[in-house]
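Have a look at the structure below before the remarks.
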Amino acid sequence: MDRVLLRRDGGDVVAADCAPDGTPGPATRLPADDLPAWVAAREGGGAVRWVWDDTTRWYPALLDAGVRVERCTDLRLTGALLRRSPLADPALLAGGDAAGWVALEPRTGGDPALFPLEDPADRLDPAAELRRQSAALAASAHGGRLGLLAAAESSGALAAAEMTWAGLPWRADEHARLLTGLLGDRPPAGLRPPVLERLAGEVRAALRAPDLNPDSPAAVLRALQTAGLPVEDTRSWTLERIEHPVVPPLLEYKRLARLLAANGWAWLDTWVRDGRFRPVFLPGGVVTGRWASHGGGALSVPVQVRPAAVADDGWSLVVADVAQLEPRVLAGMSRDAALAEAARDRDLYAGMVAAGVVATRAEAKVGVLGALYGGTRGESGRMMPRLARRYPRAIGLVEDAARAGERGAVVQTLLGRGSPLPGAAWAERLADLGEAPEPGGRDSDRARRAWGRFTRNFVVQGTGAEWALCWLADLRNRLWRLGEGSVHQRPHLVFFLHDEVVVHTPADLADRVAGEVRAAAATAGRLLFGGFPLDFPLDVAVVRSWADAG
DNA sequence: AATAATCGCGCC
DNA sequence: AAAGGGCGCGATTATT
């Protein structure tokens, strides 16, 4: 596989083929405007992996010019991976401008210009970084796994850029109709919509607090306590347990106020342009390897507004998600044949009931979630001994991860992503818990266990993210092969959230897309777990609107 | 007046 | 019915 390193130099781009150790060969210099055509020509001439500092700094402009690339190495992302991996030698990654690479932030602004002023990336030397990373991969005893992870992470960066570029089809008129139906007509700025105003009145009347601002949790709490209600906070699930006339209107107020604040008319104005919602996806944005996002709250698009996500005329959405990804991944990474057997069918929890491990599906779910998250109390705590007896390898793996975290050790995912050191993070955690660090004290024990729950979940959540990355990467290439033309003319990814994808496709290709989604899932399972027999059943729906899926 | 922390809630 | 892990975001409140 040819590797071509791209770097900016003044207003030009310098491109050079690289030796296996990362050393660049003879270079080609070309004006930035000529880059897309040059990349397209090279891309059409055979397999090539583009190496660049950061996908967010290169790919949007290529996409604007109609150029799609098959694969890349995103040095920012792969450097972050390698520098925290227990499978790579830190000494080989140190020196030079390594600190600058660690500090490098992705570009999340809308300006796709190739050469922003004063970009810290321009002070970094990508050739030197590529040599360091190549050396670290070559020296690793598990270079295969790490290399797969690096490739998957970089492929995710391409998919993320393409998703932002294409955007999720969004019907502002549908969304506005939905808002008006629930909230009443859009009010002038600074006023409540009619339905919220009416509910606020009911809340004030029920609490005999005529000046109450229902948007202020502190004020609501005081008013509730003045009315003699035994509450310490104003969370919905707290209120639901209270018998009082204020509860129904207050809960309704909170539900609709939330919709207004998070996905109301202001959200539409800010985030929907030309029929598309374009969040910025940030691969590797979460320490576990999950993606983060920026803009519009893309990680929590409420079910309530999904009716507004509608395919273009003549197009369909293919919505797919994996059932119970994390326990399946746990079965695979621990090679727990009994848990894999329970996961053989569509519903892992039902499989556990069928195997006689637990009596009910609810018990299975509570027990598994407790194992993944570290639940110790109540129902999930009671399930653990039974799970540990029947699934010793799976439960052993997460228990070991928890113990390692409690000791302050680093844990890793299947492909070698390392957990953060509990140094600075530990202090933050303590602060989050409202505790002072007292070595040896009870408070510090609590923080230690909290860190253990984090590392317990890290190995599973992180490996789940790796499965999803491989799924996404393979699917991206399969979709490309289904059509003709540029990205938005072919079936293409428009949304990704941990274990769910949405593909926008010409309607006549939708069934083939559904098949590729399943095929990609099978590929991901083989990549991560080889021949270990493990199913990843998908729910796949071909729909007009996102809301019609599931 | 601007920034930071907190609360609460949406998603997986 | 939540718990236990991971997020982003807006309104309010506290701090500088």
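The values are calculated or read from the model by the stated rules, or taken from the named source; none is laboratory data. Only a predicted model underlies this, so the values are computations on that prediction, with no experimental measurement involved. In this analysis, Cβ positions are derived from the backbone assuming ideal geometry, glycine residues included, and neighbour counts consider all displayed protein chains. SASA here: full protein model, heavy atoms, side chains in, ligands and nucleic acids out. Shrake-Rupley method; radii C 1.70, N 1.55, O 1.52, S 1.80 Å.
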Treating the angle as unsigned and between 0 and 90°, give the value, to the nearest 10°, between the Cα long axis of helix A:325-334 and the longest Cα principal axis of chain A.
60 degrees
Leading residue at positive end of dipole, chain A (Cβ point charges), from A:S293, A:A205, A:V542:
A:A205
Over the Cα atoms of the range A:437-527, how large are the radius of gyration and the largest Cα-Cα distance (Dmax), in Å?
20.0, 65
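How much accessible area per residue does the range A:173-268 have, counting only protein heavy atoms and a probe of 1.4 Å, in square angstrom? Mind dumping the intermediate values first?
Values: 5420 Å² over 96 residues.
Accessible surface, normalised per residue, equals 56 Å².
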What do you get for the angle between helix A:510-529 and the principal long axis of chain A? Use alpha-carbon atoms, 0 to 90 degrees, nearest ten.
80 degrees
Please report, to two decimal places, log10 I(q)/I(0) for the range A:2-166 at q = 0.13 Å⁻¹ as given by the Debye formula with identical point scatterers on the Cα atoms and no solvent.
-0.58
By how many degrees, between 0 and 90 and to the nearest 10, does the Cα long axis of helix A:361-373 differ from the longest principal axis of chain A?
60 degrees
Report, to two decimal places, the Cα Rg of the range A:92-194 normalised by 2.2 N^0.38 Å (N = number of residues).
1.77
Angstrom value of the Kirkwood radius, inverse mean 1/r, which spans all Cα pairs in the range A:266-319
12.8 Å
Quick one: pull the percent of accessible area on chain A belonging to carbon and sulfur, 1.4 Å probe, ligands and nucleic acids left out.
53 percent
Summing -39500 (n - 2.57) over the DSSP H runs of n ≥ 4 in chain A and dividing by its residue number, what mean residue ellipticity at 222 nm do you reach, to the nearest 500 deg cm²/dmol?
-16000 deg cm²/dmol
The range A:45-138: C-alpha gyration tensor shape, a/c 1.5 cut-off, then a/b vs b/c
oblate
Consider all pairwise Cα distances in chain A and report the whole-number % of them above 47 Å.
18 percent
Would you mind counting up the charge near A:T226? Only other residues with Cβ under 13 Å from its Cβ, with Lys and Arg at +1 and Asp and Glu at -1.
+2
Thinking of the range A:167-281 as a set of Cα atoms, what percent of all their pairs are more than 16 Å apart?
63 percent
Note, A:Q412: beta-carbon cut-off 12 Å, +1 each Lys/Arg, -1 each Asp/Glu, net +1
Taking the dipole of chain A about the Cα centre (Lys, Arg +1; Asp, Glu -1; charges at Cβ), the one of A:A522, A:S85, A:A343 that reaches farthest to the positive side is A:A343
How big is the charge dipole of chain A about its Cα centre, in debye rounded to the nearest 20, if each Lys and Arg gets +1 on its Cβ and each Asp and Glu gets -1 on its Cβ?
1540 debye
Can you tally the net charge around A:L469? Count Lys and Arg as +1, Asp and Glu as -1, for every other residue whose Cβ sits under 10 Å from the Cβ of A:L469.
-2
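Quote the relative contact order of chain A in percent (integer), defining contacts as alpha-carbon pairs under 8 Å separated by 6+ residues. Spell out each step's value before the answer.
On the way: 882 pairs, mean separation 86.3, N = 550.
Rounded, it is 16 percent for chain A.
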